[in-house]
Amino acid sequence: MSEEPISETSSSSSFVPVDQVHVQDAIQVIDENKKFNNAILDYVSKTSSANVGHNYHIVAVFGSQSTGKSTLLNNLFNTNFDVMNEHSRQQTTKGIWLAYSPGVSSTSGHVSTKSNILVMDVEGTDGRERGEDQDFERKAALFALSTSEVLILNIWENQVGLYQGANLGLLKTVFEVNMTLFGKSKLNSNNDHKVLLLIVIRDHVGATPVESLAETVTEDLKKIWDSLSKPGELGHLKFEDFFDLDFHALNHKILQPKEFSEGIGKLGDRLVKENGLFKPEYHHNIPVEGWTLYAEKCWEQIENNKDLDLPTQQILVAQFKCDEIVEQTYQDFLKKFNELFKEVEKDPSYDDIGAVFADLKSDVLEEYDHAAAKYNKSVYEQKRLKLESLVHSKFKELFDLYAKQLVDTTTASFRSELAALKGKDFVQQCQALSTRAISVINSSLGLISLNGVFAYDDTIEQVKKEIATTIAKQQKIELDSIVNKATKRLSTNLSKTIQFELNDPSDSTWDNTLKQFDSFVNEFTSRYDGDFGLNTSAKDNEEAIKKFKFKSWNSFYELIHKFIYKERVLDILQTRFDDKFRYDANGLPRLYQDARELETNFAIAKEHALAVLPILTIAKLSDDSEIVPGMDIFNPKLRSQYLNIKASQSDDEDDDAGEEESHSFADIINELEKAQILSKFKKEVDAKFVETKRSIVQHVTQIPYYVYLIIITLGWNEFMAVIRNPFTFALAIVLGASIYILYTLNLLKPAIAVGQRLIDDIVVIAKEKLREVLIDDHEIQARNLDKMTGKVKHANFDDEIEMTTVQPTVKDEGDDGTE
């Protein structure tokens, strides 16, 4: 609120005070611009007697402009309010003014009252200066009603019985808003506060009795009250609960000056008389300091109340007609719009759509302007904005659909083109693609935005974020691709190195392998040197290097176990044994003639083979240190992070490997497998040793020549009998030829072994059949039935096959030993 200084004189005042010593100038409480003056309390303190406290009364006047309100107050309360110039009729009081009354005019002269009387002069209603703008009139009347004890309604006699002339329409609005704002306080049984409505009938000629005029005004006011729209809880309240009525008539001031002065005096008598017009229930029961604050808060509440902002008749007509025009033009617009845009095109021309938008908007606004421009300008412009908003809302629906379609297609195209780069010039191409995508969306949406009416900055920002997210995902894909390809190349090259070293294991096998591994890793790290050409962050690059190293060590570990396992180790040992045992230094096959030589070479070959077993069971360098990976490849979290192996899967792998086995990169063959290899290797080489030794024994123990002469002499007859018989002779030739062929092919011994095996099987089967016939054993019969039906347990069947396979060999060895 703006503060107004206390004026020395009321503006343009022509009234000469009756007593220059006591008459005080008025202060403007609320100016014509509805600003409240915060200097009221200072004015009251300077003009009133000391310690006012509760000893004060507030009187306000309300009525039509130029009806003599200020004149009435000046004559009755000896105030100094501005009055109208007699030479012209125009607005005199602007806003609301407050003055201190030094004394009340009565029939006995000017009487100084015991109480301090503050008088408010309210701007008149129905003035030509404000015209149809009744906003301030309503608010000023409500302010006077809510802050005063006595509200003087100043009306002419000829205005009684009129609705607008007596300001009844204005009073109805004021009463209704007053009840809404302050009516709930009446629900308190202790609240008996009222306002005295003192109707002063001016220019009373006496033809109509005052009582009759009072009855008419009372009836009109109560009729207004009954027609009010009251809230439910206030519906039972009556007019008398809020107001008291009193009447006083004054003669014409110009035509009957003496009677007018007498009427003023009589009214003054009623004011100064004890138990007169001022009653305790009219007082607000707050000190004057509180009243000034109360008045300010009342004005704030009144000023912010929308129920007082009622339109004029001209504005009402303009609103009604403009609403009709808006509705009609909008419906015409909708028909054209629906005909032009039946569905969203998949490949639209945004330039054409923008042009159609502009044409439709221009047409509908021109149609509205042609029909509505003749009405109130403010209403016309307000409704034009409403129509424009409706049109924009319809366009916005289509704009959003095309924007979504454009964003979806553009981002999808961006993703496919980005994926097609496959890492080639990734940064430059990525920047070009993103710039082009954003430019396409920006330019296309600009064409259909009605020159910026539809903001699409949020859409552009969303697209930028989506593109950034897509780029980040593709960067990760490209980074993973680089790491995976490098890991695959390392695995391929390292597998060749390991296989080459396994052909001839030595103490430097793992040194050579680790050297090659480090070479591959260093080649990768030095090639990229923390920058993969993808515009990734240093953190992502560092993480990619870690991932490559982890996967490289993991591949190293897997390749070791891929090429070195129990059967492969046994095969390597046997190969190395055969190289020393069966071949000499020149690579020629050995033919042993001496058992001592056999035993010596057997020991050398066996030692040569077993010398590489420690190399193949644990990955140790030549300095006897184990290979330790640069990263813990057995850590479940790291395996989950770099190999996408969940912790549960890692635990399952650990369970499969054995709960008691601890992870160690260098451990290849555990002790149990090592023992199995040694056992099986011993059996195999021992069998070869026995077989070789048997051939030496057979060669040494030859039959004497004379034995053949004895056989020929004693068996001559049998020999001739065979020759003379064609069947036996042919059979002998076939048998001899078969033996010769087997001998030349070095298959004679295997044939003898097969024959022996066949004979043994025949003997076993014969014994079994004989046992079935001679022994009545239920268990045997049950087993036979199972065999007949095919219900043989796999474990037993495998054991039988294994025993069947092993027993003849053992038997042969025993036989050889016996020989």
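The values are calculated or read from the model by the stated rules, or taken from the named source; none is laboratory data. Please read all numbers here as calculations on a predicted model, not as lab measurements. A quick note on method: Cβ atoms are made from the backbone with ideal geometry, for glycine too, and the neighbour counts reach across all protein chains shown.
For the structure I just gave you, tell me whether residue 801 is among the hydrophobic types (A, V, I, L, M, F, W, C), assigned to a helix (DSSP H, G or I), surrounded by 10 or more Cβ atoms within 10 Å (Cβ to Cβ) and at pLDDT below 60. Yes, satisfied. Just give me the residues in the stretch 140-176 being hydroxyl-bearing (Ser, Thr, Tyr) and more than 18 Å from residue 122 (Cβ to Cβ), in sequence order. Within the stretch 140-176, 163 is the sole residue that qualifies. Examine the stretch 281-288 for a residue that is under 58 Å from the mean Cα position of the chain (by Cα) and in the same structural domain as residue 71 (by the TED database), and state whether such a residue exists. Yes - at least one qualifying residue is present in the stretch 281-288.
The residues listed here are 408, 400, 425; of these, the one that is at positive phi and not hydroxyl-bearing (Ser, Thr, Tyr) is 425. I'm trying to understand the selection: among the residues of the stretch 280-302, which are more than 18 Å from residue 119 (Cβ to Cβ) and surrounded by fewer than 20 Cβ atoms within 10 Å (Cβ to Cβ)? Hits for the stretch 280-302 are 280, 281, 285, 286, 287, 289, 290, 293, 296, 297, 300, 301.
Among helices (runs of 4 or more DSSP H) entirely within the stretch 509-589, having at least 3 residues that are within 18 Å of residue 492 (Cα to Cα) and either out of contact with any Cys (no Cβ under 8 Å at 6 or more places or on another chain) or at pLDDT below 90 (or both) singles out 509-528, 538-563.
Scanning the stretch 181-210 for residues that are without any contact (Cβ under 8 Å) to a residue 60 or more places away in the chain and in a loop (DSSP other than H, G, I, E, B) gives 188, 189, 190, 191, 203, 204, 205, 206, 207, 208, 209. Applying the criterion of at least 3 residues that are touching a Lys or Arg at 6+ places or on another chain (Cβ under 6 Å), modelled with pLDDT under 80 and not aromatic (Phe, Trp, Tyr) to the strands (runs of 3 or more DSSP E) found wholly in the stretch 23-137 leaves an empty list. Has the stretch 516-534 got at least one residue that is of a type in the set (Val, Ile, Thr), in contact (Cβ under 8 Å) with a residue 60 or more places away in the chain and surrounded by 13 or more Cβ atoms within 10 Å (Cβ to Cβ)? Within the stretch 516-534 (the criterion being of a type in the set (Val, Ile, Thr), in contact (Cβ under 8 Å) with a residue 60 or more places away in the chain and surrounded by 13 or more Cβ atoms within 10 Å (Cβ to Cβ)), the answer is no, since none of the residues qualifies. Annotation note: of 296, 240, the sole residue that is modelled with pLDDT under 90, under 60 Å from the mean Cα position of the chain (by Cα), among the charged types (D, E, K, R) and assigned to a helix (DSSP H, G or I) is 296.
A single member of 212, 261 is among the polar types (S, T, N, Q) and either outside the structural domain of residue 75 (by the TED database) or surrounded by 15 or more Cβ atoms within 10 Å (Cβ to Cβ) (or both), and it is 261. With respect to (1) in contact with a Ser or Thr (Cβ under 6 Å, 6 or more places away or on another chain); (2) closer than 23 Å to residue 541 by Cβ; (3) not polar (S, T, N, Q), the lone exception for residue 488 is condition (1).
The rows are residues; the columns are (1) under 17 Å from residue 98 (Cα atoms); (2) polar (S, T, N, Q).
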site: 33; (1), (2): yes, yes
site: 36; (1), (2): yes, no
site: 39; (1), (2): yes, no
site: 42; (1), (2): yes, no
site: 46; (1), (2): yes, no
site: 49; (1), (2): yes, yes
site: 52; (1), (2): yes, no
site: 60; (1), (2): yes, no
site: 66; (1), (2): no, yes
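Within the stretch 605-617, the set of residues being in contact with a helix residue (DSSP H, G or I) (Cβ under 9 Å, 6 or more places away or on another chain) and surrounded by fewer than 18 Cβ atoms within 10 Å (Cβ to Cβ) comprises 607, 608, 610, 611.
Scan the stretch 425-461 residue by residue and report those that are in a helix (DSSP H, G or I) and aliphatic (A, V, I, L, M).
427, 432, 433, 437, 438, 440, 441, 445, 447, 460
Mind checking which residues of the stretch 430-466 are surrounded by fewer than 17 Cβ atoms within 10 Å (Cβ to Cβ), modelled with pLDDT under 85 and farther than 20 Å from residue 359 by Cα? Across the stretch 430-466, the qualifying residue is only 431. Considering each residue of the stretch 339-361 in turn, at least one proves to be hydrophobic (A, V, I, L, M, F, W, C), surrounded by fewer than 18 Cβ atoms within 10 Å (Cβ to Cβ) and in a loop (DSSP other than H, G, I, E, B). Working only within the stretch 597-613, note down all residues that are of a type outside the set (Asp, Glu), modelled with pLDDT of 85 or more and assigned to a helix (DSSP H, G or I). 600, 601, 602, 603, 604, 605, 606, 608, 609, 610, 613, listed by residue number.
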